[in-house]
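Engineer: Structure below; questions to follow.
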């Protein structure tokens, strides 16, 4: 196995709980809703403006492991996504700047349902640790079946010049074998 | 009897699914339940199948659960480091013995009635020894998990249910000379960089299988974006969105359905060195562009493990993509980087059949064991960004195969044919040192056609 270490979002120090309904909480909620609507509307350039330039964006693999080994069910060596700002912008460029990104042309019709939002402060001034649930429905072509992608987002949001930006996202998926033919969409 | 076993329920003979004269395949082969069920015995029951890499289970009692065709198997390391592949079906009442993906255990105990098995599949005991819950009609040696025949090749685990069939070497045949260049070139061999990515594509396994048998044509259109943005687009002395220069090379196929696309490194070496590659020695070319996962410090290993002829192919026209019959794709690719350098990547895929209209895409990302950690990390990151689940190249492939599968269900569509009529009229390049069916020039259909011929041969032979 690879000797390299992988930073997990568990390393993000969670401080004080930010109360549900507080101004800060509402700003986070507003950010998540706006982000979801931009992604669902395929406004990818606008979405990318919400990203911090030191973004780390990852989606670990999952494995079926016994109750006593649940930590081992999250795999952070090989992952489904393991990107930084530059590579995410490369993906956005492929989807928006070419005429042949066939995996999303014609595009999927998606809904990102974001719930169960919990916010806390971190050890870093101006940064918030945000955990939320994601249920993403994906419809392609004329199939009546929706691909479902469910998971938990573990984000770090940061105030940059008064605006929230996404600095870290890790999505802990629920499926060990994904039921969608690719992740040509952002989670 | 033989006759009727080769005729489908509607009277179509399996013989007629393949039109040898005109190089056509009846599309029903991509959707038909009956054909699928026969394939599970005749193709998947008689081929060597990729299950993983031994670096996934480094320690005694380590195991992973994988699939051989439509059957789940336990791949476990037993005593003395030996790797065993056992049918993951309890001989008692048919329960799945291991319900996990991976782990380490000296005993695989069925949760239903408690029958217990060793990593080598041996039946250890049923609970309440004195009551002999498993009865007295069969001895313990008869109650073990069914064993597949296993081989390791460059640490890659292959297994087959065909205990009397060809050895793995015979199965690879002439293609082995080329596969050795990829899998047997370093002292310590390859290792996985983690467990495989897994996802479901609603497509027949053969849509992916035949493409892996070196479909060169699809690069031009399906992967056209590579010529529109990024490092291929700007690299061109050719310029623009024209990927056709990438489609020239040498294609190798074999009567066993294996295929390799050997793609010219000349332009890359010229760009890196500013020199005419024809003027450079093998050593100079290796220095200029070492193969995926190999550093300049590791070059002496290549010289120890490969023949001069193999080195010559490796530095000029290396196998970069292709397939191992029936359902494996390999990629040993050289990816241009923004800074003008080249990063090599090493991947293996298995397209596991999950019914006539579904496959599981299993993607292993590998490097040489001796590849330095920083280079491994780079290979891992870029492999994830280009290949597999979210890979910007392969996401277009996995969105294509379902359409073919649906089309093959149509009343007219199933009678339509896949055509493999672009035939090489060249032969091997002058001085080409390798064996096999070899042709040079612009990509053609021959390698995929040979894949189908072997499929046909197995579908007719194993009755």
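What follows is calculated from the coordinates using simple rules that are stated; it is not laboratory data. What you see is a predicted model, and the numbers here were worked out from it, not measured in a lab. As a convention, Cβ positions derive from the backbone with ideal geometry for all residues, glycine included, and neighbour counts pool all protein chains shown.
Engineer: How far is it, in nm, from the label point at residue A:145 to the one at residue B:299 when both lie 7 Å from their Cα along the line to the Cβ?
Structural biologist: Each label point lies 7 Å from its Cα, and together they span 5.2 nm.
Engineer: What is the calculated FRET efficiency for residue A:159 to residue A:54, with r their C-beta to C-beta distance and R₀ = 22 Å, to the nearest 0.05?
Structural biologist: Step by step, r from the Cβ atoms, then E = 0.95.
Engineer: Jot down the per residue volume, in cubic angstrom and as a whole number, of the convex hull over the alpha-carbon atoms of the protein assembly as shown.
Structural biologist: In the protein assembly as shown, the Cα convex hull volume per residue is 178 Å³.
Engineer: How well do other chains shield peptide B:390-402, expressed as the mean number of their Cβ atoms within 10 Å of each residue Cβ?
Structural biologist: The per-residue average across the peptide is 6.
Engineer: Assign one of three labels to the range B:316-463, namely rounded, prolate or oblate, based on the Cα gyration tensor with a ≥ b ≥ c the square roots of its eigenvalues; rounded applies when a/c is under 1.5, prolate when it is not and a/b is larger than b/c, and oblate otherwise.
Structural biologist: Because a/c hits 1.5 or more and a/b fails to exceed b/c, the range B:316-463 counts as oblate.
Engineer: Sticking with this one: What shape does the range A:1-141 have by the C-alpha gyration tensor, where a ≥ b ≥ c are the square roots of the eigenvalues, rounded means a/c under 1.5, and otherwise prolate means a/b greater than b/c and oblate the rest?
Structural biologist: Working: a/c = 1.59, a/b = 1.15, b/c = 1.38.
Oblate.
Engineer: If you rank A:81, B:248 by fewest surrounding Cβ atoms within 10 Å, what's the result?
Structural biologist: Lowest count first: B:248, A:81.
Engineer: While we're on this one: Apply the a/c threshold of 1.5 to the C-alpha gyration tensor of the range B:218-334 and tell me whether it is rounded, prolate or oblate.
Structural biologist: oblate
Engineer: Same structure again: What is the Rg over Rh value, at two decimals, for the range A:147-187, using alpha-carbon atoms and the Kirkwood definition of Rh? It would help to have the intermediate numbers written out before the result.
Structural biologist: Numbers: Rg = 13.4 Å, Rh = 12.0 Å.
Taking Rg over the Kirkwood Rh, I get 1.11.
Engineer: For the range B:262-414, what relative contact order do you get, as a whole percent, if you take Cα pairs closer than 8 Å and at least 6 residues apart? Mind dumping the intermediate values first?
Structural biologist: On the way: 191 pairs, mean separation 25.2, N = 153.
It rounds to 16 percent for the range B:262-414.
Engineer: May I have the pair-distance distribution P(r) for chain B, computed from all Cα-Cα distances with 20 Å bins from 0 and rounded to whole percent?
Structural biologist: 23, 55, 20, 2
Engineer: What area, in nm² and to one decimal, does the C-alpha convex hull of the range B:49-161 cast on average over all directions?
Structural biologist: Quarter of the Cα hull surface area: 6.9 nm².
Engineer: Let me have the 222 nm mean residue ellipticity of the protein assembly as shown computed from DSSP H runs of 4+ only, each contributing -39500 (n - 2.57), with the sum over all residues rounded to the nearest 500.
Structural biologist: -6500 deg cm²/dmol
Engineer: Rank these for me by crowding, B:379, B:27, going from fewest to most other beta carbons within 10 Å. Could you put the intermediate results ahead of the total?
Structural biologist: Values: B:379 25, B:27 22.
Lowest count first: B:27, B:379.
Engineer: State, as an integer percentage, the relative contact order of the range B:316-377 based on alpha-carbon contacts under 8 Å between residues 6 or more apart.
Structural biologist: So the answer I get is 21 percent.
Engineer: Give me B:31, B:390, A:22, B:281 ranked fewest to most by other Cβ atoms within 10 Å of their Cβ, as a rough exposure proxy. Let's see the in-between values first.
Structural biologist: Working: B:31 22, B:390 26, A:22 12, B:281 9.
Placing the least packed residue first, the sequence is B:281, A:22, B:31, B:390.
Engineer: Just want to confirm a number: the relative contact order over the range B:49-161, from Cα pairs under 8 angstrom separated by 6+ residues, in percent. Can you show the working numbers first?
Structural biologist: On the way: 241 pairs, mean separation 30.3, N = 113.
That works out to 27 percent.
Engineer: Next question, about the same structure. Taking the Cα of residue B:13, stepping 7 Å toward and past its beta carbon, and measuring to each backbone N in the range B:428-463: which are under 17 Å?
Structural biologist: Only B:456-463 pass the distance filter.
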